[in-house]
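The values are calculated or read from the model by the stated rules, or taken from the named source; none is laboratory data. Keep in mind that this is a model prediction, so the values were computed, not measured. With ideal geometry, Cβ positions are generated from the backbone for all residues, glycine too; neighbour counts draw on all protein chains shown.
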Amino acid sequence: MSLEKYKKIRDFEKTPEPPEGVGAGDENIFVIQRHKARHLHFDFRISLDGVLKSWAVPKEPPRESGTKRLAIMTEDHPLSYAKFEGIIPEGQYGAGIVEIWDSGTFELEDLKSDKIVLELKGEKLDGKYVLLKFPKAGEKEWLFFRTD
Ligand code: MN
């Protein structure tokens, strides 16, 4: 759990993204940022161990059960990133437009190295969701889906 990579790949003189994490309180929070970069994707982030654990979801996250989405684990982000919206300038990492697509709180129902079960309480995503790591694929590939 470290923000080393997050800081290393960004130039905070040039990007409006936050350089450090500021505590978000005791609540478990999640955010989904619609990120119109070279490829449109949705960044799903949950507060865990003092950072935002993050996955890039190439297609819109499912509101109902029955649709599974690929979710690629990306670098940890600071908690303060949960409020970030803005334009990352050309030439910077992730250049493009970031908008909050959904946010809310969650309850953690299960946390294993390859499986996370969450009860999300957001505006768009409201229900029980699972993040499941692929057993044989690359280190970073997970599935994300609603389960109830
Ligand atoms: Mn992104």
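Which of the residues that make up segment 72-86 are within 14 Å of the ligand (Cβ to nearest atom) and either basic (Lys, Arg) or assigned to a strand (DSSP E or B) (or both)? Before the answer, list the steps.
Of segment 72-86, the ones within 14 Å of the ligand (Cβ to nearest atom) are 72-77, 81-82, 84-86.
Residues satisfying the conditions are ILE72, MET73, THR74, GLU75, ASP76, HIS77, GLY86.
If only one of ARG34, ARG69 is near the ligand (Cβ under 10 Å from one of its atoms), more than 22 Å from SER2 (Cα to Cα), among the basic types (Lys, Arg) and modelled with pLDDT of 95 or more, which one is it?
On the way: ARG69 fails: near the ligand (Cβ under 10 Å from one of its atoms).
ARG34 is the lone residue from the list that is near the ligand (Cβ under 10 Å from one of its atoms), more than 22 Å from SER2 (Cα to Cα), among the basic types (Lys, Arg) and modelled with pLDDT of 95 or more.
Under the condition of being touching a residue at least 12 places away in the same chain (Cβ under 8 Å) and in a loop (DSSP other than H, G, I, E, B), which residue from segment 124-146 is nearest to GLU107 (Cα to Cα)?
Selected residue: LEU125.
Restricting the search to segment 37-66, which residues are within 12 Å of the ligand (Cβ to nearest atom) and out of contact with any Leu (no Cβ under 8 Å at 6 or more places or on another chain)?
Once the filter is applied, which keeps residues that are within 12 Å of the ligand (Cβ to nearest atom) and out of contact with any Leu (no Cβ under 8 Å at 6 or more places or on another chain), segment 37-66 yields ALA37, ARG38, HIS39, LEU40, HIS41, PHE42, ASP43, PHE44, SER54, ALA56.
Given (1) under 15 Å from the mean Cα position of the chain (by Cα); (2) at pLDDT below 95, where does LEU118 come up short, assuming only one miss?
(2)
GLN33 versus (1) buried (at least 20 other Cβ atoms within 10 Å of the Cβ); (2) of a type outside the set (A, V, I, L, M); (3) assigned to a loop (DSSP other than H, G, I, E, B): which is the lone unmet condition?
(3)
Can you say whether PRO89 is more than 13 Å from the ligand (Cβ to nearest atom), more than 14 Å from the chain's Cα centre (by Cα), of a type outside the set (Val, Ile, Thr) and under 25 Å from ASP11 (Cα atoms), as far as the supplied structure shows?
Details: more than 13 Å from the ligand (Cβ to nearest atom): yes; more than 14 Å from the chain's Cα centre (by Cα): yes; of a type outside the set (Val, Ile, Thr): yes; under 25 Å from ASP11 (Cα atoms): yes.
Yes: the conditions hold for PRO89.
Name the residue, out of GLU27, GLU60, that is surrounded by fewer than 13 Cβ atoms within 10 Å (Cβ to Cβ) and outside any strand (DSSP E or B). Steps first, please.
Working: GLU60 fails: surrounded by fewer than 13 Cβ atoms within 10 Å (Cβ to Cβ).
Just a single option satisfies the conditions, and that option is GLU27.
Does GLU107 satisfy the criteria of being over 18 Å from LYS7 (Cα atoms) and within 16 Å of the ligand (Cβ to nearest atom)? Spell out the reasoning first.
On the way: over 18 Å from LYS7 (Cα atoms): yes; within 16 Å of the ligand (Cβ to nearest atom): no.
Answer is no for this residue.
Among the residues of segment 88-114, what is the count of those that are polar (S, T, N, Q) and surrounded by fewer than 12 Cβ atoms within 10 Å (Cβ to Cβ)? Even if it seems obvious, please write down each step before you answer.
Keep residues of segment 88-114 that are polar (S, T, N, Q), which gives 92, 103, 105, 113.
Filter once more, keeping what is surrounded by fewer than 12 Cβ atoms within 10 Å (Cβ to Cβ): 113.
Selection size over segment 88-114: 1.
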